[in-house]
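**Student:** To start, I am sharing the structure in question, which I have written as C-alpha cells.
The values are calculated or read from the model by the stated rules, or taken from the named source; none is laboratory data. Values in this document were obtained by computation on a predicted structure and should not be read as measured data. As a convention, Cβ positions derive from the backbone with ideal geometry for all residues, glycine included, and neighbour counts pool all protein chains shown.
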Amino acid sequence: MVVRAGQDGLNSLPQPRRAAPDAQTLADFEEHLAREILQSERLRMAILAWIFALLMVLLPLFAAIFRDDFRRNFGSLRMIGYAAGVAAALVGYELLVRVILGRMLATGRMPSPLLRFWNAFIETSTPTLVMLVMGRYADALAVLQGPAAFLYAVFIVLSTLRLDFRLSVFTGIVAAVEYVALSFYVGETHAGGIASTVLSAPGFVLMKGIMLLFAGVAAGFVAVQLRRRIVKAFYAAAERERIISAFGQQVSPEVVEALLEQGGEIASRRSFVCVMFMDIRDFTRLVEHRPPEEIVAIQNAVFGAAIAVVNRHRGIINQFLGDGFMATFGAPLATGEDCGNAVAAARELVAHVKALSEAGKIPPTRIGVGLHAGEAVTGNVGTAVRKQYSITGEVVVLASRIEQLNKDYGSQILISGEVLRAAAGQASGAVPLGPVRVKGREEPIEIYRLG
C-alpha cells in the first residue's frame, strides 16, 4: 500500500546555486528593486540639495569672518556672490529633479538610462563650473587645489546610492576628464609663475585625474557589492519561505538552516525514516457539549506542545489530522539518531500532555503515539504551480496502524521492532507484546510498549 502525506509547497526563488526563480517573481523583485533605487536616488538628491544650501550659508559667513584673507586671495568679494548663486541654482535643480522622480514613482514610470547619465553629467560638472567662476578672481593653482575640487569626491561617493556600476564609473570619468582639461586650460591661459609650471606638467595633472577615475571605479565596486548583497538577501528570504511553505509552519529553525546550507533541494529520494502518528484519545467524547472556542483551545494546547517537542528532536510535522498529526524523523534531513529522537519526542510529548492536564490547562487528556521505521520515498512532487512534500511508503501505513493499537492495549506509546533496534538506549524499558497482526498486512510485526 502506498500513502502520501505532506504540506503544500511553493516553487519560490532560491539562491543562485539552486533552481532558477520563476519569471514572475523575479520580475516583481526587479520592479521593486528599481523603485527602491529610485527612492535612494531621491535621497541622494536631497543630500546634495542640503550640501549646496549649506554652502550658500558658509561662503558668505567665511567671507565675513576671514574678510582680509578673501580679499587677498580673490581681490574682490564679488566672487562670493557668484559662487552662492551657483549653489542656489544647484539647490533648485536637485529639488526639481527630485520632485520629477517622485512623480514618476507615483505613476509607476521609470527614468530612462540616458536621462540618468545626463543628470550625472550635469551634477559632476558642478565643481568645474564653480572653479571656472572662482578662477576669474583668484590664483588658478589655489582654485584647483582648493575646496571646490573636493566636490568631485562628494559626487563620486554619493553615486554609490544609485547602485549602478556604470553610473559610478561614469561619474569618475567625468570628474577626471573635466579636472584634467580644466588644469591644462588654466595652465595655458596663466602663462608664467608656479601655476603654469605645475598645471602644465602632464604627469602631475594626469595622476590626479587617474585618482578621480579610480575613485569612480571603487564607488562602482561598492555599488555592485551593495546590490549583490540586496539580491542575495532576497534570494535567502525567498528560499527560507519556500522551505517553510513546503513543510508547513511546523519546521524548526535548525531544520530550515540545515536545508539552506544544503541548497534547499527537496528532490525525491529513498530514505530511512521514522514516522510518528499521534492521536488524542476519545476526542469526540472529550469535546462533547463544549463550545467551538474551547475545542480549538484544547487542540492548540496539545498541538503547541507537539510542535515544540518534535522541533526540539529534529523532526517535522507533516500533517495535522483532525485530532492528531503525522511527523517524520530522518527526512528531509537525517541525523543518524532519528529513531532515538522519535522515541524521546514521544515520551516527552506524553509527559507534556499529562502536565497540561494536571495543571488544569486542558481537561484530563490522554494521547496515543505509534512509531515505525523503514524505507520511504521522500521529496517534492507536483508542478511549478503546486508542489507537495511527500512521505510515500508502507512505513507510513504501519505507523498509523501501530498508533491505533494503543486503543486495544490501553497504552500511550507503541513502537515497532525496527524502531526499538534503531533507537538503542532511548527505548529502554520497552515491553514486548509479541508478533501482532495489523489491518491490511498479512505478516505480523513486533510491537513494544513504552512506559
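Conditions tested, residue by residue: (1) modelled with pLDDT of 90 or more; (2) surrounded by 15 or more Cβ atoms within 10 Å (Cβ to Cβ).
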{"site": "I402", "(1), (2)": "yes, yes"}
{"site": "S411", "(1), (2)": "yes, yes"}
{"site": "L414", "(1), (2)": "yes, yes"}
{"site": "Q426", "(1), (2)": "no, yes"}
{"site": "A430", "(1), (2)": "no, yes"}
{"site": "K439", "(1), (2)": "no, no"}
{"site": "E442", "(1), (2)": "no, no"}
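**Student:** Failed condition for G410, given (1) of a type in the set (G, A, S); (2) without any contact (Cβ under 8 Å) to a residue 24 or more places away in the chain; (3) in contact with a Lys or Arg (Cβ under 6 Å, 6 or more places away or on another chain), with all others met?
**Tutor:** Failed condition: (3).
**Student:** Which pairs do you get when a residue that is free of Cβ contacts under 8 Å to residues at least 40 places away in the same chain and under 17 Å from G324 (Cβ atoms), found in the range 271-293, comes within reach of a residue that is acidic (D, E) and surrounded by fewer than 22 Cβ atoms within 10 Å (Cβ to Cβ), reach meaning Cβ atoms under 8 angstrom, with the pair 6+ apart or on two chains?
**Tutor:** Hits for this filter: V287/E294.
**Student:** OK, next. In this structure, is V395 touching a residue at least 24 places away in the same chain (Cβ under 8 Å), closer than 17 Å to F277 by Cα and touching a Lys or Arg at 6+ places or on another chain (Cβ under 8 Å)? It would help to see each step written out before you state the result.
**Tutor:** Numbers: touching a residue at least 24 places away in the same chain (Cβ under 8 Å): yes; closer than 17 Å to F277 by Cα: yes; touching a Lys or Arg at 6+ places or on another chain (Cβ under 8 Å): no.
When the stated conditions are applied, V395 does not pass them.
**Student:** Sort out which residues of the range 118-128 are over 17 Å from A49 (Cα atoms) and buried (at least 16 other Cβ atoms within 10 Å of the Cβ), and write them in order of number. Steps first, answer last, please.
**Tutor:** Keep residues of the range 118-128 that are over 17 Å from A49 (Cα atoms), which gives 118, 128.
Once the filter is applied, which keeps residues that are over 17 Å from A49 (Cα atoms) and buried (at least 16 other Cβ atoms within 10 Å of the Cβ), the range 118-128 yields only T128.
**Student:** Going through the range 239-284 one residue at a time, which ones are assigned to a loop (DSSP other than H, G, I, E, B) and either at pLDDT 80 or above or charged (D, E, K, R) (or both)? Spell out how you get there, then give the answer.
**Tutor:** Taking the range 239-284 first, the residues assigned to a loop (DSSP other than H, G, I, E, B) are 248-252, 262-268, 281-282.
E265, R281, D282 - these are the residues of the range 239-284 that are assigned to a loop (DSSP other than H, G, I, E, B) and either at pLDDT 80 or above or charged (D, E, K, R) (or both).
**Student:** Read through the list (1) at pLDDT 75 or above; (2) touching a helix residue (DSSP H, G or I) at 6+ places or on another chain (Cβ under 7 Å); (3) assigned by TED's automatic domain parsing to the domain that holds T160; (4) not charged (D, E, K, R), then give the number of the only condition that V287 fails.
**Tutor:** (3)
**Student:** Right, something else. Show me the helices (runs of 4 or more DSSP H) entirely contained within the range 103-197 in which 2 or more residues are at pLDDT below 85, more than 49 Å from the chain's Cα centre (by Cα) and of a type outside the set (A, V, I, L, M).
**Tutor:** Helices (runs of 4 or more DSSP H) meeting the threshold: 165-189.
**Student:** Answer with yes or no whether V91 is surrounded by 14 or more Cβ atoms within 10 Å (Cβ to Cβ), in a helix (DSSP H, G or I) and at pLDDT below 80. If you could, list the steps in order and put the result at the bottom.
**Tutor:** Values: surrounded by 14 or more Cβ atoms within 10 Å (Cβ to Cβ): yes; in a helix (DSSP H, G or I): yes; at pLDDT below 80: no.
Judged against the criteria, V91 is not a match.
**Student:** I'm checking my understanding of the structure. Among residues of the range 359-382 that are β-branched (V, I, T) and at pLDDT 90 or above, which one is nearest to R290 (Cα to Cα)?
**Tutor:** Of the range 359-382, the ones β-branched (V, I, T) are 362, 365, 367, 369, 377-378, 381.
Add one more test, that the residue is at pLDDT 90 or above, and what stays is 367, 369.
On the way: I367: 19, V369: 25 Å.
Top of the filtered list is I367.
**Student:** Continuing with the same structure: Restricted to the range 299-358, and to residues that are β-branched (V, I, T) and farther than 26 Å from E375 by Cα, which residue is surrounded by the fewest Cβ atoms within 10 Å (Cβ to Cβ)? Walk me through how you get there before you give the answer.
**Tutor:** Initially, the range 299-358 is screened for residues β-branched (V, I, T), giving 302, 307, 309-310, 316-317, 328, 335, 343, 350, 353.
Keeping just the survivors that are farther than 26 Å from E375 by Cα gives 302, 350, 353.
Working: V302: 25, V350: 20, V353: 23.
Only one residue tops the list, namely V350.
**Student:** Restricting attention to the range 303-324, which residues are more than 19 Å from S400 (Cα to Cα) and among the hydrophobic types (A, V, I, L, M, F, W, C)? Spell out how you get there, then give the answer.
**Tutor:** Going through the range 303-324, the residues more than 19 Å from S400 (Cα to Cα) turn out to be 304-305, 308-309, 311-314.
A305, A308, V309, listed by residue number.
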